[in-house]
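Trainee: There's a structure below that I have some questions on.
Bear in mind that the values in this text are calculations on the coordinates, not laboratory data. Given the structure is predicted, the values throughout are model-derived calculations rather than measurements. Every residue, glycine among them, receives a Cβ derived from its backbone with ideal geometry; neighbour counts consider all protein chains shown.
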Amino acid sequence: MVYGLIGEKLGHSFSPALHAMIGDYPYETLELTQNELAPFFAARDFKGINVTIPYKTTVMPFLDEISPTARKIGAVNTVVNRGGKLYGYNTDYDGMRYLLSSCGISVAGKKVLILGSGGTSKTALALAGDLGAKEVIRVSRKAETDGTVDYETARREHADADLLIDTTPVGMYPTCEGSPVDLDDYPALSGVVGVVYHPLRTELVERARRRGIPAVGGLAMLVAQGVRASEYFLDTRYPDTLTFSIANKIEREKSHIILIGMPGVGKSTIGKTLAAHLNRPFFDTDLEVARRAGCDIPTLFATKGEIYFRNLETAVLKEIAYEHTGAVIATGGGAPMREENRLALGRTGCLFWLTRPLSEIMPTSDRPLSRDREALEKRYAERRPVYSAAADYEIPVTGDPETATQKIREVWK
């Protein structure tokens with residue numbers, strides 16, 4: 001191995017792809033058991049490695065020098081071989097620092113709650129202290145002797161927290177639902193940071209974002225720590241813009257482009273055209289619901305009822321959102337009316353609200369809830385404020401589908 005990643009289970013590691021984007025050098029993964037660590041480090045047959053779970057602390061006795069930051073945190077995730085001597089660093093610290101600055105979140109003078117008690121929480125603890133936090137409290141499921149408090153104590157005694165840093169795996173793929181805390185319990189928040197990057201945003205981060213609280217998921221942290229590790233490997237410095245450009249590229253590639261709006265505005269037609277232009281997979285949630293139900297939607301409404309349809313729609317929507325990346329998704333007109341649907345969509349992509357004057361939308365018999373003009377106008381009045389609040393962008397639909405497609409592509413550059 002020249003450069004690479006060691007850990008216990010690395011089957012889904014994103015590190016090789018990330019380092020290929022950073023620079024032109026070989027990078028591979030190597031799964032090691034606990035018993036294989038000592039011989040691996042004794043051989044010192046590498047130039048630089050990253051270290052991941054569960055060995056960030058275990059490797060420290062094998063090293064000749066450890067940076068003050070890594071020693072304070074008690075974990076090493078980057079090791080460089082210089083002339084046979086092994087030097088250990090913690091680039092997660094650099095990554096988290098970049099993550100905070102990338103979304104304009106200040107720590108100085110703030111009361112910070114760190115959710116979780118694992119290794120990343122120790123990185124957050126060290127960083128918050130170095131950045132001048134007024135008070136830092138680590139929150140765990142059980143209060144420990146190292147100063148952590150449990151979640152009930154945090155809710156009761158620290159509701160005035162300014163910043164949440166979530167280092168837990170809650171909401172991470174494949175168990176994508178759930179949040180470690182209720183944001184209603186922390187009304188003074190000025191920022192929420194998560195370290196999970198798959199999906200792009202956890203439920204906690206997305207709920208904060210929808211409330212207008214500065215909030216960000218962990219993708220930029222992943223990229224920034226990788227860039228810093230590469231600088232250690234190659235003894236170089238990259239332009240300050242490199243992390244941003246790589247993180248932005250990855251987020252664009254992995255984000256769904258999600259089309260919402262009333263039936264009849266052209267979501268399916270525009271979605272197909274857009275997917276073809278961008279070489280992305282295309283999903284129409286109404287068609288997928290009908291396929292799974294074995295009948296068209298009017299028949300499904302008539303035989304099973306609206307609640308059955310909505311539940312199936314939610315299941316289909318979540319599966320598409322969480323099991324795929326980088327798709328174009330045309331949603332049913334009523335899909336955004338459920339909060340859990342809005343959360344699933346918002347966590348995994350960017351929502352484009354396709355708008356058209358109501359007078360130009362024609363009621364049709366294949367839409368059970370808008371089969372005549374009166375029903376269509378009622379649905380529009382109900383849904384318009386929800387679409388507006390959920391959308392990241394509003395795209396007026398005029399002329400042929402290519403016009404709206406081009407408008408979306410201009411936003412998506």
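Trainee: Any chance you could check the Cα centroid distance between region 94-113 and region 220-264 for me, in angstrom?
Mentor: If you average the Cα positions of each part, the centres end up 18 Å apart.
Trainee: State the extension gain, in nm to one decimal, for the chain segment bounded by residue 35 and residue 374, taking 0.36 nm per residue of separation less the distance between their alpha-carbons.
Mentor: On the way: separation 339, 0.36 × 339 = 122.04 nm, distance 7.20 nm.
Extra length available between residue 35 and residue 374 comes to 114.8 nm.
Trainee: Now for a different question. Just name one of 35, 250, 176: the one whose Cα is farthest towards the positive end of the charge dipole of the chain (beta-carbon charges, Lys/Arg +1, Asp/Glu -1).
Mentor: 250
Trainee: Within region 294-369, list the trypsin sites (Lys or Arg not before Pro) lying in a DSSP loop whose Cβ has at most 16 other Cβ atoms in a 10 Å radius.
Mentor: Numbers: sites: 304, 310, 318, 338, 342, 347; in loops: 338.
Filter output for region 294-369: 338.
Trainee: While we're looking at this one, here's another question. Which is farthest toward the positive dipole end of region 259-413 among 285, 302, 327, measuring Cα position about the Cα centre, with Cβ charges +1 (Lys, Arg) and -1 (Asp, Glu)?
Mentor: Result: 327.
Trainee: Show me the trypsin sites (Lys or Arg not before Pro) within region 164-273 that DSSP assigns to loop and that have at most 12 other Cβ atoms within 10 Å of their Cβ.
Mentor: Of the trypsin sites (Lys or Arg not before Pro), the ones in loops of region 164-273 whose Cβ has at most 12 other Cβ atoms within 10 Å are 211, 237.
Trainee: Here is a follow-up. Which value, in debye to the nearest 20, gives the size of the charge dipole of region 1-55 about its Cα centre, when Lys and Arg are +1 and Asp and Glu are -1 at the Cβ? Can you show the working numbers first?
Mentor: Values: 3 positive and 6 negative charges, 22 e Å.
Dipole magnitude for region 1-55 comes out near 100 debye.
Trainee: On a full-extension model of 0.36 nm per residue, what is the gain between residue 295 and residue 175, subtracting their alpha-carbon distance, rounded to one decimal in nm?
Mentor: Working: separation 120, 0.36 × 120 = 43.20 nm, distance 3.03 nm.
40.2 nm is the gain from fully extending residue 295 to residue 175.
Trainee: Here is a follow-up. Rounding to the nearest 20 debye, state how big the charge dipole of region 1-119 is about its Cα centre with +1 on each Lys and Arg Cβ and -1 on each Asp and Glu Cβ.
Mentor: Values: 11 positive and 10 negative charges, 114 e Å.
So the dipole magnitude of region 1-119 works out to roughly 540 debye.
Trainee: Which FRET efficiency value, to the nearest 0.05, do you get for residue 272 and residue 108 by plugging their Cβ-Cβ distance into 1/(1 + (r/R0)^6) with R0 = 56 Å? Present the calculation step by step, with values, prior to reporting the outcome.
Mentor: Values: r = 49 Å, r/R0 = 0.88.
My answer for the efficiency is 0.70.
Trainee: I would also like to ask the following. Whole-Hz Karplus ³J(HN,Hα) for region 79-89, in order, using 6.51 cos²θ - 1.76 cosθ + 1.60 and θ = phi - 60°, x for Gly and Pro?
Mentor: 10, 10, 9, 10, x, x, 9, 9, 10, x, 9
Trainee: To the nearest Å, what is the center-to-center distance of region 352-411 and region 1-43, using C-alpha atoms only?
Mentor: Measuring centre to centre over Cα atoms gives 49 Å.
Trainee: Give me the percent of DSSP beta bridges within region 1-132 that run antiparallel, rounded to the nearest 5.
Mentor: On the way: 8 of 18 bridges.
Of those bridges, close to 45 percent are antiparallel.
Trainee: On full extension of the chain, what length is gained from residue 13 through residue 82, given 0.36 nm per residue of separation minus the C-alpha to C-alpha distance?
Mentor: Details: separation 69, 0.36 × 69 = 24.84 nm, distance 2.59 nm.
Gain in length upon complete extension: 22.2 nm.
Trainee: List the GluC sites (Glu not before Pro) within region 71-164 that fall in a DSSP loop (any state other than H, G, I, E or B) and whose Cβ has at most 12 other Cβ atoms within 10 Å. Display every interim value, and only then the final one.
Mentor: Details: sites: 135, 144, 152, 157; in loops: 144.
Passing both the DSSP loop test and the Cβ count: 144.
Trainee: Taking the Cα centre as origin and putting +1 on Lys and Arg beta-carbons and -1 on Asp and Glu beta-carbons, what dipole magnitude results for the chain, to the nearest 20 debye?
Mentor: Details: 50 positive and 52 negative charges, 73 e Å.
With Lys and Arg at +1 and Asp and Glu at -1, about 360 debye.
Trainee: Can you tell which of 256, 19, 277 shows the greatest fluctuation in a Gaussian network model of the chain with Cα springs below 10 Å?
Mentor: Answer for the Gaussian network model of the chain: 277.
Trainee: Name the residue, out of 245, 268, 106, whose mean-square fluctuation peaks in a Gaussian network model built on the chain with Cα pairs under 10 Å.
Mentor: 245
Trainee: Kindly work out what percent of the DSSP beta bridges joining two residues of the chain are antiparallel, to the nearest 5. Don't jump to the answer; show the numbers that get you there.
Mentor: On the way: 8 of 50 bridges.
Around 15 percent of the beta bridges assigned by DSSP in the chain are antiparallel ones.
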